[in-house]
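The structure appears right after this line, and notes come after that.
The values are calculated or read from the model by the stated rules, or taken from the named source; none is laboratory data. From a predicted model like this one, the values you see are computed outputs, not experimental measurements. Here the Cβ positions follow ideal geometry from the backbone for every residue, glycine too, while neighbour counts run over all protein chains shown.
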Amino acid sequence: MAGDADEYVYDEVTGEWRPASELAAAAQAAVEVSDAAGNVLKDGDSVTLIKDLKVKGANQTLKQGTVIRSIRLTDNPDEIDCRHDTIKGLVLRTEFVRKR
């Protein structure tokens with residue numbers, strides 16, 4: 001059986017032994033990422049900066065109102081991964097963005 005290779009973890013909420021992969025998927029689905037206004041963010045959304053931000057290491061400031069397209073969610077619900085025209089690999093805190 002394919003399920004025999006899977007590790008099982010005791011779920012204290014339900015009192016049952018469940019596959020570890022099933023619990024991990026449920027935990028990932030439960031994490032909800034929201035912007036400064038409380039709107040839910042998803043991969044591929046566009047956001048607008050609500051504050052001027054100095055970018056460390058780039059000696060550049062992103063101005064309020066700058067649009068960032070095609071965001072990607074990270075493991076941390078307080079951060080999003082994105083790209084700007086002049087800055088690659090930019091990570092922004094969700095408290096400084098608003099969904100478009």
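Just a few scattered comments:
- Unique residue being of a type in the set (A, V, I, L, M), in contact with a helix residue (DSSP H, G or I) (Cβ under 9 Å, 6 or more places away or on another chain) and modelled with pLDDT under 90 when the list is 9, 13, 33: 9
- Contact annotation: no residue pair with Cβ atoms under 8 Å, 6 or more positions apart or on different chains, pairs a residue in the range 1-23 that is on the phi > 0 side of the Ramachandran plot with a partner that is modelled with pLDDT under 85.
- Taking first residues from the range 78-100 that are surrounded by 15 or more Cβ atoms within 10 Å (Cβ to Cβ) and partners that are among the acidic types (Asp, Glu) and part of a strand (DSSP E or B), the Cβ contacts under 9 Å between residues at least 6 apart in sequence or on separate chains come to 90/81; 92/79; 92/81; 94/79.
- Residue within the range 56-72 that is under 10 Å from the mean Cα position of the chain (by Cα) and assigned by TED's automatic domain parsing to the domain that holds residue 39 present: yes
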